[in-house]
Amino acid sequence: MERPSIRQLESLVAVADSRSFRRAATTLGISQPALSAQVQAAEHVLGIQVFERDRRSVLITPAGEDVVSRAREALIAVDAVGDAARRRSEPLVGALRLGVIPTIAPYWLPALLPEVHRRFPKLELILREDQTSRLLIQLAAGQLEIALLAIPVQGDFTTAPVAREGFVAAAPRGAPLVKQRGKLTEKDLDDQTVLLLEDGHCLRDQALEICKRAGAVESVEVRATSLPTLVQMVAGGLGVTLLPEAAIASLVQKHGPVALAEFAKPVPGRTIGLAWRTSSGRLREFRLLAETMSVSAEAFLTRSREATRKLSDGSGRQRR
């Protein structure tokens, strides 16, 4: 029985991902006629129509959905052959597609990546920033090898922790929350109007769980698309929020319109870690990557906590 070639499978997946022959051809670095020929050859070998196409759109047929799904699995398996060979000689070399969530990427990556590049100079990281749910879909589909996000996550993934960062309360300067004596407990959020990120951000889910325990009320009228926007909303007097400590130094200015209040132990927070497909077979490599990041993370969090303490000292809170 004749089998589709790897190039033909790549063509099917590229068209399915982009829903466009033109964009798929650009992604693969071939001409559009060459791509069309690969798709037609694959359809001929398989004996089914994978795509319905006209001048304006490309649709996947019901039979094509199953074929594209299995083509992805086949390409992942083919990549694993090369990965296995490389791992026998040297770990973490070549291209690695890494997904990162927006509440981690701009704050953590500058601290984590220099040590990764120093230890693994032949590793080429290809970064993709997106929300957790979409990163997990891409991870499961083989479009990413690994993701840096808040763990645990749902699905057939293996994870390794990198660091645990606490949350810090942020409120308009002069607000009662940041003027009271000593450090906060979750109960101090009772009846506060808390500003959160929009749906899709895992940080929203984590902060919302804390708010529910504390009796805080989420603002239903205003939601932010990013942490900088969230801080600006607090500065405007719209409510209070919870910020991850790694982002504090980048988002809050000493004597600015936003003041901080630290939590007493146990400090609410989140665990940041790496997640990958359980079937990937790169457990040793990815755990090595997590361990390397953890070393840099510890030093970075120490600096972040010191910056938070300095900013909190200037917030107008009375310290015990």
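Structure above, values below:
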quantity	calculated
Counting all C-alpha pairs of the range 88-174, share separated by more than 15 Å (%)	66 percent
Estimated 222 nm signal from helices in the chain, with DSSP H stretches of n ≥ 4 weighted -39500 (n - 2.57), rounded to 500	-15000 deg cm²/dmol
Rounded FRET efficiency, nearest 0.05, which uses the C-beta distance separating His44 from Lys212 and R0 of 45 Å	0.20
Inverse mean reciprocal Cα-Cα distance (Kirkwood Rh) of the range 6-84, Å	12.6 Å
Full-stretch length increase - Arg134, Asp205 - with 0.36 nm per residue and alpha-carbon distance subtracted	24.0 nm
Amide H contacts under 5 Å for Glu129, placed H, 5+ residues apart	Val100
Neighbour net charge for Gln232 - beta-carbon separation under 15 angstrom, K R +1, D E -1	+1
Length released on extending from Arg309 to Asp191, taking residue separation times 0.36 nm less the Cα-Cα span	39.9 nm
The range 59-67 - phi-based ³J(HN,Hα) in whole Hz, Karplus 6.51/-1.76/1.60, Gly and Pro as x	10, 8, 6, x, 5, x, 4, 5, 5
Interchain or long-range residues, amide H under 5 Å from Arg164's placed H	Ile272
For the range 243-256, Karplus couplings with θ = phi - 60° (6.51, -1.76, 1.60), whole Hz, Gly/Pro x	10, x, 4, 5, 9, 4, 4, 7, 10, 10, 9, 5, 6, x
Cα-based helix-to-principal-axis angle, 283-313 vs the chain, degrees rounded to 10	30 degrees
Given Lys212/Lys265; Lys212/Lys310; Lys179/Lys212; Lys183/Lys310, the pairs whose alpha carbons are separated by over 21 Å	Lys212/Lys310; Lys179/Lys212
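Just so you know, all these numbers are worked out from the coordinates, no wet-lab data involved. None of these values were measured; they are calculated from a predicted model. Every residue, glycine among them, receives a Cβ derived from its backbone with ideal geometry; neighbour counts consider all protein chains shown.
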